[in-house]
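Read the structure below first, then the notes.
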């Protein structure tokens, strides 16, 4: 059986349905939950989040099920019991992450940890569970720190993630696809095939010109077009925004070059942001309201859309341990 860990238990990959591969229930920097300016009651968070997930569930009915991959790592507002409640309330499968969004978001306790310690942490959260929640992580988050360059801690986290991925079979996704050479070197040294890694945010506005797409493709890595909806056409666009048509044409270049199997797509939206206001009106449902109609208008066949959001995602999320040599 192909297995995927969700917060409510392990399911078959065939049960995932439509998958949004990189999203957030609520993301914030360490400590934001203690700042009275941004503090939210559970009721407020539910009020902001549940309608978005219910709409996501409704939008995915043609695919039979809805899966939301929660990309918030350790120290950034991850709340597993809350995710379990949301999944139960809305019917959406939620896949939780272990790992870190980037070394610069790791609290000092983890910042001082060895590769071996971090590996054990990730393996435990995938194979045993996260804290006392009983829920297992289904994917490992890693990232490039601010400044678009790998820091020493980033390299330690990437190496631990590679080892944990080989042991547990969980895939890895990254925050940013810049400065990828050190990551590719680490994955090669650790014997992790790069099709188990999704290099994310390859489509954001600030990363353009900084990503070695050829090196990633040649290594067999997957590339994430996962900031759809962060458009410069918004009334108050974020600094990482990009013109909608420019991002779309970037994506189409991959699809029309026969690279469909190496890409995945998402919106990277926050249902209820922590410690920052978020981007008004941007939700996971942009995928249905704008992206899929845009793809159809460009004569992208429904079978390709299924490949992106169902088959690629299910294959990627399936726990696939790599034999140790």
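The values are calculated or read from the model by the stated rules, or taken from the named source; none is laboratory data. Fair warning: this is a prediction, and the values are worked out from it, not measured in the lab. Heads up, the Cβs are rebuilt from the backbone with ideal geometry, glycines too, and the neighbour counts pull from every protein chain shown.
Scanning the range 160-176 for residues that are touching a strand residue (DSSP E or B) at 6+ places or on another chain (Cβ under 7 Å) and part of a helix (DSSP H, G or I) returns 161, 164, 165. A residue that is free of Cβ contacts under 8 Å to residues at least 40 places away in the same chain, surrounded by fewer than 16 Cβ atoms within 10 Å (Cβ to Cβ) and in contact with a strand residue (DSSP E or B) (Cβ under 7 Å, 6 or more places away or on another chain) occurs nowhere in the range 200-209. Note on the range 107-136: residues that are in contact (Cβ under 8 Å) with a residue 60 or more places away in the chain, assigned to a loop (DSSP other than H, G, I, E, B) and under 20 Å from the mean Cα position of the chain (by Cα) amount to 2.
Going by what's in this entry, would residue 143 be described as modelled with pLDDT under 95, under 21 Å from residue 224 (Cβ atoms) and buried (at least 21 other Cβ atoms within 10 Å of the Cβ)? The answer is no for residue 143.
Can you tell me which residue in the range 24-41 is nearest to residue 292 (Cα to Cα), limited to those that are touching a residue at least 24 places away in the same chain (Cβ under 8 Å) and in contact with a helix residue (DSSP H, G or I) (Cβ under 9 Å, 6 or more places away or on another chain)? Result: 25.
None of 177, 161, 137, 170 is out of contact with any helix residue (DSSP H, G or I) (no Cβ under 6 Å at 6 or more places or on another chain), within 26 Å of residue 81 (Cα to Cα), surrounded by 24 or more Cβ atoms within 10 Å (Cβ to Cβ) and at pLDDT 95 or above except 161. Restricting attention to the range 144-159, the residues being closer than 17 Å to residue 108 by Cα and not in a loop (DSSP other than H, G, I, E, B) number 6. Quick check, is residue 98 farther than 24 Å from residue 281 by Cβ, part of a strand (DSSP E or B), touching a strand residue (DSSP E or B) at 6+ places or on another chain (Cβ under 6 Å) and in contact (Cβ under 8 Å) with a residue 24 or more places away in the chain? Considered against the rule, which asks whether it is farther than 24 Å from residue 281 by Cβ, part of a strand (DSSP E or B), touching a strand residue (DSSP E or B) at 6+ places or on another chain (Cβ under 6 Å) and in contact (Cβ under 8 Å) with a residue 24 or more places away in the chain, residue 98 comes out as yes. For the residues 202, 215, the requirement of being closer than 22 Å to residue 139 by Cβ and either within 18 Å of the chain's Cα centre (by Cα) or not in a loop (DSSP other than H, G, I, E, B) (or both) singles out 202. When residue 52 is tested against the conditions (1) in a helix (DSSP H, G or I); (2) crowded, with 17+ Cβ neighbours inside 10 Å; (3) touching a helix residue (DSSP H, G or I) at 6+ places or on another chain (Cβ under 7 Å), the lone failure is (3). Take residue 258 and decide whether it is free of Cβ contacts under 8 Å to residues at least 60 places away in the same chain, within 21 Å of residue 197 (Cβ to Cβ) and assigned to a loop (DSSP other than H, G, I, E, B). So residue 258 passes the test.
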